[in-house]
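Asks: One structure follows; several queries about it will come next.
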Amino acid sequence: MQIANKNYFQLFDLPESYDLDTDRLTAEYHKLQLDYHPDKHSSGSEKEKMSAQVAASYINDAYETLNSPLKRAAYVLKIKGKDVEKVDQSDLSMEVLVEQMELRESLEDLPKDETALQPLEELKNTTQRKIQKKQLKFEKEIESGDFSAAKQTFHELQFFFKLLAEIEESEEHRLGY
């Protein structure tokens, strides 16, 4: 059960690309889970049981990573040799920093009651459109081999995904969830 020496894309027999067929990913995940589920190996030796647990854990981690657009972007950069944990000034342009501040301020300036629901929805839609644009940009940068630009776009995506989560949290708070 030496699946851990395959990268996540190889594990699911998928091309190493940011653009991913998530239905195929899910189908491959279910097939692998059936093959490597620890219960299926419960009558095996201790080594086989442990190996099945390690394989199942690796499969779960791989699926969670590739199924998340942001985690998948980080993983693509990692296998292309870019360290996404290390961020320096060149990874964020002044234009992006200003945009981030403006969007955060627009979120913070909204009323704290239900009257903010419509503006929150508009901000959410704007943010989702920005995410889609950045994802397409990231995909093109990866395909063209411009990994430094892709790393910069990844960091921009991180901001937009975080902002989207904050918007959704604000909506839930105002709805009393």
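The values are calculated or read from the model by the stated rules, or taken from the named source; none is laboratory data. On a predicted model such as this, the values are computed, not experimentally measured, just so you know. Quick reminder, even Gly has a Cβ in these numbers, built from the backbone with ideal geometry, and neighbours come from all protein chains shown. Heads up: the accessible areas ignore ligands, DNA and RNA and are worked out on the full protein's heavy atoms, side chains in. Shrake-Rupley method; radii C 1.70, N 1.55, O 1.52, S 1.80 Å.
Asks: In whole Hz, what ³J(HN,Hα) sequence does region 126-135 give by Karplus (6.51, -1.76, 1.60; θ = phi - 60°), x for Gly and Pro?
Replies: Values, residue by residue: 4, 5, 5, 5, 5, 4, 4, 4, 5, 5 Hz.
Asks: Any of LYS47/LYS82; LYS86/LYS134; LYS86/LYS140; LYS31/LYS78; LYS6/LYS47 with alpha carbons more than 30 Å apart? Name them for me. Before the final figure, lay out the partial values.
Replies: On the way: LYS47/LYS82 35 Å; LYS86/LYS134 20 Å; LYS86/LYS140 22 Å; LYS31/LYS78 26 Å; LYS6/LYS47 20 Å.
Exceeds cut-off: LYS47/LYS82.
Asks: Roughly how tilted is helix 22-36, in degrees to the nearest 10 and between 0 and 90, from the longest Cα axis of the chain?
Replies: 30 degrees
Asks: Just the accessible area per residue of region 63-102, please: how many Å² with a 1.4 Å probe? Don't skip to the answer; put the middle values down first.
Replies: On the way: 2480 Å² over 40 residues.
Per residue, region 63-102 has 62 Å² of solvent-accessible surface.
Asks: Based on Cβ point charges of +1 for Lys and Arg and -1 for Asp and Glu, what charge dipole magnitude is obtained for the chain about its Cα centre, in debye rounded to the nearest 20?
Replies: Dipole size: approximately 700 debye.
Asks: Next up: Assuming 1.567 mPa s and 4 °C, estimate D for region 55-177 with Stokes-Einstein, Rh taken as the Kirkwood radius over Cα pairs, in µm²/s.
Replies: Result for D is 82 µm²/s.
Asks: Label points 7 Å out from Cα along the Cβ direction at ARG129 and LYS6: separation in nm?
Replies: 4.1 nm
Asks: Right, another one. Angle, helix 94-108 long axis vs. longest principal axis of the chain, Cα atoms, 0 to 90°, nearest 10?
Replies: Here the helix axis deviates by roughly 80 degrees.
Asks: Continuing with this model, one more query. Give the distance, in whole Å, between the Cα centre of region 12-87 and the Cα centre of region 133-177.
Replies: 22 Å
Asks: Between the helical axis of 46-67 and the dominant principal axis of the chain, each derived from Cα atoms, what acute angle in degrees is found, rounded to the nearest 10?
Replies: Once rounded, the angle reads 30 degrees.
Asks: For LEU136, what charge total do you get from the other residues with a beta carbon under 12 Å from its beta carbon, if Lys and Arg give +1 and Asp and Glu give -1?
Replies: For residues surrounding LEU136, the net value is +2.
Asks: R0 = 35 Å: FRET efficiency of ASP35 with GLU99, Cβ-based, nearest 0.05?
Replies: Plugging the Cβ-Cβ distance into 1/(1 + (r/R0)^6) gives 0.15.
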